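What follows is a set of notes on a single structure, which appears directly below.
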Amino acid sequence: MAILITGGAGYIGSHTCLELLNIGYEVVVVDNLSNSNKESLDRVDKITGKHIQFYNIDLLDRENLEAVFMENKIDAVIHFAGFKAVGESVELPLSYYQNNITGTIILCQVMQKYNVKKMVFSSSATVYSPTTSGAISEDSPLGATNPYGRTKLMIEEILRDLYVSDNSWSISLLRYFNPVGSHISGRIGEDPNGIPNNLTPYITQVAVGKLNQLRIFGDDYPTSDGTGVRDYIHVVDLAKGHLKAIDKVMIVTGVEAYNLGTGKGYSVLEMVHAFEQTSGKSIPYIIVDRRPGDVAVCYADSSKAKRELGWVAERGIEEMCADAWRWQLNNPNGYHDVEDKVIIGQGS
Ligand code: NAD
Ligand code: UD1
């Protein structure tokens, strides 16, 4: 059975390809490498001893996308491809709407034409209204606050409309909380361009000496230590969530949203201390103003994913920190050091 992975060379996509290959799926990747490096897929090939069929194609390029469906017998699609930087989306809303929304529409049109109607879509916890307090369930109020988040919400709506028009579609909307960590081998991981926006890659780059100090955005939130609380989820647990969603779309039609998180929140300072403990490095930090748009607390109620997909996150904060650190230490410049040096990896 072949699964098409759009955006498969990226952070979450490459980890998902690895898990799919490990359980025997054929994997076909379409990625334009706008935010990734083909080296990630070469390393997945090496780790698994299997081969990914790769196409360097933009989703907006309908003709070449169709060729992928003609050349391969695709059973289902996991759709990761998209731009994801919140701040950039405020600067470049039209690029975000074009890439994320038009890209998804073209993909769905091609899928429809080739009668492939099973999709797992990368949504985000960012679709929830920031006014929500406590554990966020799939029924919590929606309301994105920036163009990136709105692309996710709009795509969810488009996919729901598609199902209404044709009940033979089967679609899982996976709303990720905060993905962190990397595969235990230390050979694939998160490789942000430039200065990271997100907490964990920032911490690991301070620890490895690429950045001087962490800026903590606010210590006056109504949380135990005043810093923001998030539901960090290990990327391998997240990847395995996609396997469960694929199982589901293979057997039932409909559109369902699922939160993928651990259900447990950690503050920024708790993350810093956990990372210091695991890595043995100290993380200098300063407290600065709150980052506009940030909420105090955000964590998932993932009971629906447990109930309906049979999925729960298994990896805790120590593993998240240890695996993120192993990747950073082995690859201080991400995939730009193309040589695949395994210093302290632990196999597949
Ligand atoms: P990523 O940037 O590492 O991966 C996205 C991949 O899509 C990249 O390889 C990029 O080159 C590719 N891509 C982008 N536009 C494309 C296009 N038009 N045609 C072909 N390929 C294209 O991001 P990620 O962290 O792996 O995230 C994957 C998905 O999950 C994204 O849709 C993102 O919005 C969503 N998501 C991510 C997070 C997170 O924190 N990482 C949280 C919630 C949701
Ligand atoms: C960010 C995105 C969100 C996306 C989510 C998952 C923004 C505004 N939101 O959310 O759309 O779905 O990632 O990847 O970018 N922090 C610091 N210093 C830093 C970086 C972060 O103190 O240098 C703090 C933040 O204030 C927050 C926590 O760390 O409290 C986590 O931040 P981050 O990793 O950026 O994730 P989110 O803000 O949850």
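The values are calculated or read from the model by the stated rules, or taken from the named source; none is laboratory data. These figures come from a predicted structure and were not determined experimentally. FYI the Cβ positions are ideal-geometry reconstructions off the backbone, even for glycines, and counts take in every protein chain you see. The accessibility values were calculated without ligands, DNA or RNA, using every heavy atom of the protein model including side chains. Shrake-Rupley method; radii C 1.70, N 1.55, O 1.52, S 1.80 Å.
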Nearest 0.05, what FRET efficiency do Asp220 and Glu157 give at R0 = 51 Å with Cβ-Cβ as r? 0.90
Whole-Hz ³J(HN,Hα) for each residue in the stretch 308-324, computed from phi via Karplus 6.51 cos²θ - 1.76 cosθ + 1.60 with θ = phi - 60°, x for glycine and proline: what do you get? 9, 9, x, 10, 9, 6, 10, 9, x, 5, 5, 5, 4, 5, 4, 6, 4
Find out how many positive minus negative residues lie around Val28, taking Lys and Arg as positive, Asp and Glu as negative, among other residues whose Cβ is under 12 Å from that of Val28. -3
Based on the mean of other beta carbon atoms within 10 Å per residue, what is the order of 32-39, 216-223, most packed first? 32-39, 216-223
Cα-based Debye curve of the chain sampled at q = 0.09, 0.14 Å⁻¹ gives log₁₀ I(q)/I(0) of -0.46, -1.18
The chain: antiparallel DSSP beta bridges as a percent of all, rounded to 5: 5 percent
Starting at the first residue of the stretch 85-98, write each ³J(HN,Hα) from the Karplus equation 6.51 cos²θ - 1.76 cosθ + 1.60 with θ = phi - 60°, in whole Hz, x for Gly and Pro. 8, 4, x, 4, 5, 6, 6, 10, x, 5, 4, 5, 5, 5
Using a 1.4 Å probe over the heavy atoms of the protein chains, calculate the carbon and sulfur portion of the accessible area of the stretch 170-324 as a whole percent. 46 percent
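Using the heavy atoms of the protein chains and a 1.4 angstrom probe, tell me the accessible area per residue for the chain in square angstrom.
42 Å²
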Which order do the peptides 160-170, 14-24 come out in when sorted by mean C-beta neighbours inside 10 angstrom, highest first? 14-24, 160-170
Label model pair Thr102, Ser165: point-to-point distance (7 angstrom along the Cα→beta-carbon line) in nm is 1.8 nm
Percent of accessible area on the stretch 1-100 owned by carbon and sulfur, 1.4 Å probe? 50 percent
Against the longest alpha carbon principal axis of the chain, how many degrees, from 0 to 90 and to the nearest 10, is the axis of helix 62-71 turned? 70 degrees
Quote the relative contact order of the chain in percent (integer), defining contacts as alpha-carbon pairs under 8 Å separated by 6+ residues. 20 percent
Using alpha-carbon positions, what is the distance between the centroids of the stretch 174-203 and the stretch 280-310, in Å? 13 Å
Gap in Å between the Cα centre of the stretch 63-93 and the Cα centre of the stretch 21-48? 15 Å
